[in-house]
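Worksheet: the structure to be examined is printed underneath.
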Amino acid sequence: MTMKHPASFTTQGSCTLVGAGPGDPDLLTFKAAKAIQAATVILVDDLVNEEVLSHARPDARIVYVGKRGGCKSTPQAFIEKLMITAVHEGEHVVRLKGGDPFIFGRGGEEVEHLREAGIEPQVVNGITSGLAAVTSLQVPLTHRDRAQGVVFVTGHAKTGHSASEQPTDWKKLAAAARDARLTLVIYMGVSGAAHIQHGLLDGLPGKTPVAIVQHATLPAQRHVLSTLDRMHEALADSGIGSPAIIVVGDVLKGVGAASAQAERFGT
Ligand code: SAH
């Protein structure tokens, strides 16, 4: 076994992709907090609650790479270059992402690019917003009588010409959800809600319950309950916009009972 000279450790950088959770800073994991604490450079994505940065060292360099202030987001290639350069300079880089880094967070792409650059990153899970949004309604994603599984799906698929870049076939997905009794959890679906509703109605009954939850787990959280045949209308009436999660499925049949109970208890 070869031993490294102790000095070489100090110049050895690291990179950790960290999930910051859905919004509520109390939903950060201990492991995520520890990674933030150890970081010398933190690259912060959109939809990360800045309160989680209270765990950072005072001298950590914090770089916002999201769309803050109405600016266009930093190009992905630039962010990756920044990460790789910092690691090579011996920095302990944390790439902080909303929710979970591996659920629609481009975490997979970043891991591949880091590996190509000879860096083996660590990944720390976060609570994904799709899970938190449904839980915030006191509703489970699976239920022995109502849903045997769950699908996390993007409403905004990258579209291209190769077979792997086809937009989601909502009709097929609806048929699968009906036959296999699956809850659909749709990320980035607000702007395409009319199109999604149209496709899903080809395979699911119009009375299938729907919930749309915006700013889940944050003080600004709002939600609207509806049915699939009224989904887009209900969304427009509510004034709810992005970021929001659209949930479709019979698990939401429990939501009425929960809110009725909340009303009874005056909460
Ligand atoms: N990696 C993230 C998802 C990033 S994609 C995660 O695991 O949660 C961005 C989408 O996530 C948004 O368009 C929205 O659909 C959803 N989202 C993120 N934070 C949210 C929140 N607090 N409330 C509702 N939806 C949220």
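Just a few scattered comments:
- Taken about its Cα centre, the stretch 129-264 carries a charge dipole of about 240 debye when Lys and Arg each add +1 at the Cβ and Asp and Glu each add -1 at the Cβ.
- Pairwise Cα distances in the stretch 23-66 exceed 14 Å in 43 percent of cases.
- Using C-alpha pairs under 8 Å with a sequence gap of at least 6, the mean separation divided by the residue count of the chain gives a relative contact order of 18 percent.
- Which listed pairs, of LYS34/LYS253; LYS31/LYS253; LYS172/LYS253, have C-alpha distances above 30 Å, in listed order: LYS34/LYS253; LYS31/LYS253
- Think of the stretch 129-264 as a dipole: +1 on every Lys or Arg Cβ, -1 on every Asp or Glu Cβ, centred on the Cα centre; then among ILE240, ALA177, THR142, THR142 lies furthest on the positive end.
- Where N is the number of residues in the chain, Cα Rg divided by 2.2 N^0.38 Å: 1.13
- Think of it as helices only: each DSSP H run of n ≥ 4 in the chain is worth -39500 (n - 2.57), and spread over all residues that comes to -8500 deg cm²/dmol at 222 nm.
- The chain: most fluctuating residue of GLN148, GLN197, GLN214 per GNM, C-alpha cutoff 10 Å: GLN148
- The stretch 129-264 - Kirkwood radius from inverse mean 1/r over Cα pairs (Å): 14.9 Å
- Of all stretches in the chain that contain no trypsin sites (Lys or Arg not before Pro) in a DSSP loop with at most 15 other Cβ atoms within 10 Å, the longest one is 73-143.
- Farthest towards the positive end of the charge dipole of the chain, among the residues VAL87, ALA211, THR74, is the Cα of ALA211, using unit charges on the Cβ of Lys, Arg, Asp and Glu.
- Accessible surface area normalised per residue over the chain is 54 Å², counting heavy atoms of protein chains with a 1.4 Å rolling probe.
- Ratio of the Cα radius of gyration of the stretch 6-124 to 2.2 N^0.38 Å, where N counts its residues: 0.99
- Area accessible to solvent at HIS195, 1.4 Å probe radius, in Å²: 120 Å²
- Accessible surface, 1.4 Å probe, highest first, among residues THR183, THR40, THR29: THR29, THR40, THR183
- Under 5 Å from the amide H of TYR64 lie the amide H atoms of VAL44, each residue being 5 or more positions distant or on a separate chain, with H modelled from the backbone and absent for Pro and chain starts.
- Placing unit charges on the Cβ atoms of the charged side chains and taking the dipole of the stretch 6-124 about its Cα centre, the candidate lying farthest along the positive direction among ILE62, VAL123, PRO25 is ILE62.
- Using the Cβ of VAL251 as centre and a radius below 12 Å, the other residues enclosed give a net charge of +2, where K and R count +1 and D and E count -1.
- Split the accessible area of the chain by element, probe 1.4 Å, and carbon with sulfur accounts for 55%.
- Vicinal HN-Hα couplings computed from phi for the stretch 122-130 (Karplus, 6.51 cos²θ - 1.76 cosθ + 1.60; Hz; Gly/Pro x): 9, 10, 10, 5, x, 6, 6, 5, x
- Under 5 Å, built H, 5+ apart or other chain: amide partners of CYS15: VAL93, GLN122
- The dipole here belongs to the stretch 89-131: it is taken about the Cα centre, uses +1 on the Cβ of Lys and Arg and -1 on the Cβ of Asp and Glu, and is about 220 debye.
- With the whole protein complex present, GLU89 retains an accessible surface near 120 Å², based on a 1.4 Å probe.
- Only protein heavy atoms count here; under a 1.4 Å probe, PHE78 has an accessible surface of about 110 Å².
- Cβ charges +1 (Lys, Arg) and -1 (Asp, Glu), total dipole of the chain, debye: 280 debye
The values are calculated or read from the model by the stated rules, or taken from the named source; none is laboratory data. Owing to the predicted nature of the structure, the values given are computational and were not obtained by experimental measurement. As a convention, Cβ positions derive from the backbone with ideal geometry for all residues, glycine included, and neighbour counts pool all protein chains shown. Areas reflect the complete protein model, heavy atoms only, side chains present, ligands, DNA and RNA absent. Shrake-Rupley method; radii C 1.70, N 1.55, O 1.52, S 1.80 Å.
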